[in-house]
Amino acid sequence: MKTVLITGVGKGIGQALRERFVSAGWFVLGTYHTTKPAPNENLLSFPLDLSSSQSISKCAQAIRETGKKISVLINNAGILIDDEETDVVVKKLRETLEVNLIGTVDFTEQIISVVEDGGHVVNISSTAGSLALATNGASHYPNHYPAYKISKTALNMYTRTLSARMQSRDVIVSSVHPGWVKTEMGGPEADISPEEAAKYIYEFAVTHPETGEFWFKSNKLPW
């Protein structure tokens, strides 16, 4: 039985991913912030606050102590706290970067040693972080949530740098846009369900694509 590690499995896309992998016969190591998932024989869950270095270290140690080799790591957990902002609010930028970038990087660096050679690291990003698509008002996205956009652009660069480091181990590292998903973050007007997003993320995560690229439904996106 292969093992997947997914952050943020308590709700939204993470919950749907957890259920998708379990139903496909995988063992799931899942982290949660506030909502602990229901028990399952093929699930171990761990509390994790990505804004806390202490929490990250404690969680990573507990996962390593399971002795399991991870075939797929999905960095799904993230926050959007400046949805209504058009200007950068530095306090919100700091909080966003702590979770979406620094905490995610810290956690990954502490876990990467137990990702098996030939494994796949999937960073859930967003086209909101694409420099190519952010063209002076012509962007698909309005001029809102700048902190979130900045965090995802930076996460994309982490994908690129980590992929270069992992080539000797044949570990694939990908950024993935989940789509506009009906979650607390995406809102009720979004156009796809968490289950639909989880389906294509799962199907992509279990493949061996070109490393260091940005994807949506197995199609490359511009950085």
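One residue stands out among those in the range 152-181 that are touching a Leu at 6+ places or on another chain (Cβ under 6 Å) and over 9 Å from residue 125 (Cα atoms): the one that is surrounded by the most Cβ atoms within 10 Å (Cβ to Cβ), which is 173. With respect to residue 122, is the statement that it is closer than 18 Å to residue 13 by Cα, within 15 Å of the chain's Cα centre (by Cα) and modelled with pLDDT of 95 or more true? Against the criterion (closer than 18 Å to residue 13 by Cα, within 15 Å of the chain's Cα centre (by Cα) and modelled with pLDDT of 95 or more), residue 122 qualifies. Scanning the range 143-161 for residues that are over 14 Å from the mean Cα position of the chain (by Cα) and in contact (Cβ under 8 Å) with a residue 24 or more places away in the chain gives 143, 144, 145, 146, 147, 150, 160.
Based on this model, can you work out whether residue 106 counts as closer than 26 Å to residue 204 by Cβ, of a type in the set (Asp, Glu) and either free of Cβ contacts under 8 Å to residues at least 60 places away in the same chain or touching a Cys at 6+ places or on another chain (Cβ under 8 Å) (or both)? So residue 106 passes the test. I want to confirm something. Restricting to the range 1-32 and keeping residues that are of a type in the set (D, E, K, R) and part of a helix (DSSP H, G or I), which single residue is surrounded by the fewest Cβ atoms within 10 Å (Cβ to Cβ)? Among those that are of a type in the set (D, E, K, R) and part of a helix (DSSP H, G or I), it is 19. Whether a residue is touching a residue at least 12 places away in the same chain (Cβ under 8 Å), surrounded by 14 or more Cβ atoms within 10 Å (Cβ to Cβ) and assigned to a loop (DSSP other than H, G, I, E, B) was assessed, and residue 49 passes this test.
Quick one: would you say residue 204 is assigned to a strand (DSSP E or B), of a type outside the set (Ser, Thr, Tyr) and either in contact (Cβ under 8 Å) with a residue 40 or more places away in the chain or more than 26 Å from residue 81 (Cα to Cα) (or both)? Answer is no for this residue. Among the residues making up the range 182-223, those that are surrounded by 15 or more Cβ atoms within 10 Å (Cβ to Cβ), in contact with a His (Cβ under 9 Å, 6 or more places away or on another chain) and more than 22 Å from residue 132 (Cβ to Cβ) are 205, 206.
Considering only the range 33-42, I want to know if a residue exists there that is closer than 22 Å to residue 79 by Cα, in contact (Cβ under 8 Å) with a residue 60 or more places away in the chain and part of a loop (DSSP other than H, G, I, E, B). Within the range 33-42, none of the residues are closer than 22 Å to residue 79 by Cα, in contact (Cβ under 8 Å) with a residue 60 or more places away in the chain and part of a loop (DSSP other than H, G, I, E, B).
The values are calculated or read from the model by the stated rules, or taken from the named source; none is laboratory data. Values in this document were obtained by computation on a predicted structure and should not be read as measured data. We place every Cβ from the backbone using ideal geometry, glycine too, and count neighbours over all the protein chains shown.
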